[in-house]
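Everything below concerns the one structure shown next.
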Amino acid sequence: MTEAQGCAEPGKPAPEEQAQTAPPDILKAGKEALLFLPRLVQLLYRLARDPEVPREAKAVLGFAVVYLLSPIDIIPDFIPILGHLDDLYVIALAVSLVMELAGEEKVRQHWSGSQDVIDVVGKVNALIWRVLPAAVINKVRARFDQALKEPDRYVGEVERAQEILLREDEYRWLDEESGESKT
């Protein structure tokens, strides 16, 4: 019996066996959570444009934008499903912090999904806490805390990202909000 097998609880696989295969429920939950990603990114965009969102909340959004646009992630994106979970966590944590700083109603005002945004963020966070190591979660949270200490640095990132998104996307999200079509 190996040392790792000796540490396993009776009836449960050894740690190295657990690492080789992810339970199907976690894979399914991960795939479902990733389906929320476009709506959550759209929510960040809308919150960043809202003049009523406080400066500290915009700093949180700015950090999220910087992290998402950065080619360097805590978990590399080329790892299937897991590689995007850190991005999803950054967005979910940003939304959670904006809810604390600007209020749930402000966040709900900009949400376009069919499910309640609070439930969506709760599901994402529950999945993240099951899958990502605590060290990754703590590292991401520490980076958000730093953004809150230096809001001016990250608010500017939101403004630059807005300009880029508006140019590259040709106002697509704005058109969806108003129901108008531009040629």
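Only the coordinates and a few stated rules stand behind these numbers; no lab work does. Since the model is a prediction, treat every value here as computed from it, not as a measurement. Reconstructed Cβ throughout: ideal geometry from the backbone, glycine too, with neighbour counts over all protein chains shown.
Annotations for the structure displayed:
- Condition met for V98 (crowded, with 18+ Cβ neighbours inside 10 Å, in contact with a Leu (Cβ under 9 Å, 6 or more places away or on another chain), within 19 Å of P151 (Cβ to Cβ) and not small (G, A, S)): yes
- Close pairs from region 124-136: first within 12 Å of H84 (Cβ to Cβ), partner surrounded by 13 or more Cβ atoms within 10 Å (Cβ to Cβ) and of a type in the set (S, T, Y), Cβ under 8 Å, at least 6 apart: V124/Y89; I128/Y89; L132/Y89
- Checking each residue in region 48-95 for being touching a Gly at 6+ places or on another chain (Cβ under 8 Å) and among the acidic types (D, E) picks out D73, D77.
- Cβ-Cβ contacts under 7 Å between residues 6 or more apart (or on different chains), taken from a first residue in region 45-59 that is within 20 Å of K149 (Cβ to Cβ) to a second residue that is among the hydroxyl-bearing types (S, T, Y), are listed as A59/Y154.
- Extreme residue, nearest to K139 (Cα to Cα), among residues of region 65-79 that are hydrophobic (A, V, I, L, M, F, W, C), over 14 Å from the mean Cα position of the chain (by Cα) and loosely packed, with under 12 Cβ neighbours inside 10 Å: I72
- A single member of L43, L93 is crowded, with 24+ Cβ neighbours inside 10 Å and in contact with a Phe, Trp or Tyr (Cβ under 7 Å, 6 or more places away or on another chain), and it is L43.
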